[in-house]
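Q: Handing you this structure, nothing more for now.
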Amino acid sequence: MQYIFLIIGLMIGAIVAYILSNSKLNKRVETRLKEAESQAEAIKRDKLLEVKEKFLNKKAELEKEVQQRDFKLQQNENRLRQKEMQLNQRQEELQRKNQ
């Protein structure tokens, strides 16, 4: 009879030990998962910042190109106006001479 109680006690002890070790293992797994999630979030934030920075740099580059084109266009328009004025002046001079 004592052996039966001893065996039952050992079985109960083994079950309790298994549950406790399994509980510790689960806690370790949960901790590592949380760490991995934190690292993933940090990587995600870094990548988002990197993408935003690249976007802003590209946007600034394109805006600079547009400004340069606008400046060249303005220069060409000014040159055309000057030529038009010169042609108008020559035309007026020619008309005066012909009169």
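Q: Neighbouring Cβ atoms within 10 Å as the yardstick, rank TYR3, TYR18 fewest first. Intermediate results must be reported in sequence, preceding the final value.
A: On the way: TYR3 7, TYR18 10.
Ranking TYR3, TYR18 by Cβ neighbours within 10 Å, fewest first, gives TYR3, TYR18.
Q: Related question: From a point 7 Å beyond the Cα of GLN99 in the direction of its Cβ, which residues of segment 64-93 have a backbone N at a distance under 15 Å?
A: Taking a point 7 Å out along Cα→Cβ of GLN99, the residues of segment 64-93 whose backbone N falls under 15 Å are 89-93.
Q: State the answer as a single residue: which of ALA40, GLN2, ALA17 lies farthest towards the positive end of the charge dipole of segment 1-45, with beta carbon charges of +1 for Lys and Arg and -1 for Asp and Glu, about the Cα centre.
A: In segment 1-45, that residue is ALA40.
Q: Does anyone have the angle between helix 2-98 and the longest principal axis of the chain? Alpha-carbon axes, 0 to 90°, nearest 10?
A: 0 degrees
Q: Near ASN98, within a Cβ-to-Cβ distance under 15 Å, what is the net charge of the other residues, with Lys and Arg +1 and Asp and Glu -1? Don't jump to the answer; show the numbers that get you there.
A: Working: positive: ARG90, ARG96, LYS97; negative: GLU92, GLU93.
Local charge sum for ASN98: +1.
Q: Given a Förster distance of 41 Å, report the FRET efficiency between ILE4 and THR31 from their Cβ-Cβ distance, rounded to the nearest 0.05. Write down the numbers at each step before the final one.
A: On the way: r = 41 Å, r/R0 = 0.99.
It comes to 0.50.
Values in this text are rule-based calculations from the coordinates and carry no lab data. Note that this is a predicted model, so its numbers are computed, not measured. Quick reminder, even Gly has a Cβ in these numbers, built from the backbone with ideal geometry, and neighbours come from all protein chains shown.
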